[in-house]
Amino acid sequence: QVQLVESGGGLVQAGGSLRLSCAASGRTFSSMGWFRQAPGKEREFVAGSRWSGKTTVYADAVKGQFTISRDNAKNTVSLQMNNLKPEDTALYYCAADLVRFGTTTLSYDYWGQGTQVTVSS
């Protein structure tokens, strides 16, 4: 059974850092990524990585601020978030797919339950 479990969310002051982790079980995924959804907004792409970890893509809003990384031995993907801003406040979801790689929700078949990130000003 495929399962994605996120961890690492929390409350942080603006300018602080958090590291999100997602542990996958059940399959080895070709691509893994992160999305976020703020209240009243649609879920949006944040970052994605192919299996090798050498191919990554970021949303323009987080380039230079967030870093995605994979540990295939542990079947995990992490998101290092630095210099956090109040507008980064959202529920962050881990996503994975066996074949596809992209920047839309349609590119991922498997989803975690989400971890809340709240950035205070």
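The values are calculated or read from the model by the stated rules, or taken from the named source; none is laboratory data. Small disclaimer: the values here were computed from a predicted structure and weren't measured. Don't worry about glycine lacking a Cβ; one is built from the backbone with ideal geometry, like all the others, and counts go over all protein chains shown. Accessible surface areas use protein heavy atoms only, side chains included; no ligands, DNA or RNA. Shrake-Rupley method; radii C 1.70, N 1.55, O 1.52, S 1.80 Å.
A simple spin-label model places pseudo-atoms 7 Å from Cα toward Cβ; at GLU44 and TRP111 they are separated by 1.7 nm. Residues in segment 87-94 carry Karplus couplings, in order, of 6, 7, 4, 4, 8, 9, 10, 8 Hz; the curve used is 6.51 cos²θ - 1.76 cosθ + 1.60 with θ = phi - 60°, and Gly or Pro positions show x.
Remark: segment 53-115 is approximated by an ellipsoid whose semi-axes, taken from the C-alpha gyration tensor as √(5λ), come to 20, 14, 13 Å, largest first.
Per the Kirkwood formula applied to alpha carbons, the chain shows a radius of gyration over Rh ratio, Rg over Rh, of 0.94. Placing pseudo-labels 7 Å out from each Cα toward the beta carbon at VAL99 and ASP60 gives an inter-label distance of 3.1 nm. A full extension of the chain between THR118 and ASN82 corresponds to an added length of 11.6 nm, given 0.36 nm per residue minus the alpha carbon distance. Each Lys and Arg adds +1 at its Cβ and each Asp and Glu adds -1 at its Cβ; summed about the Cα centre, the chain shows a dipole of about 260 debye.
Each label point was placed 7 Å from the Cα along the Cα-to-Cβ direction; for TRP51 and SER17 their separation is 3.1 nm.
As a length-normalised measure over Cα pairs under 8 Å and 6 or more apart, the relative contact order of segment 17-85 settles at 38 percent.
For TYR110, the residues whose amide H sits under 5 Å from its own are ALA96, ignoring neighbours fewer than 5 places away on the same chain, with H placed 1.01 Å from N. In order along segment 58-63, phi translates into HN-Hα couplings of 10, 5, 4, 5, 10, 4 Hz, rounded to whole numbers, per the Karplus curve 6.51 cos²θ - 1.76 cosθ + 1.60 with θ = phi - 60° and x for Gly and Pro. Solvent-accessible area per residue in the chain equals 52 Å², computed with a 1.4 angstrom probe and all protein chains kept.
Of the accessible area of the chain, computed with a 1.4 Å probe over protein heavy atoms only, carbon and sulfur atoms account for 47 percent.
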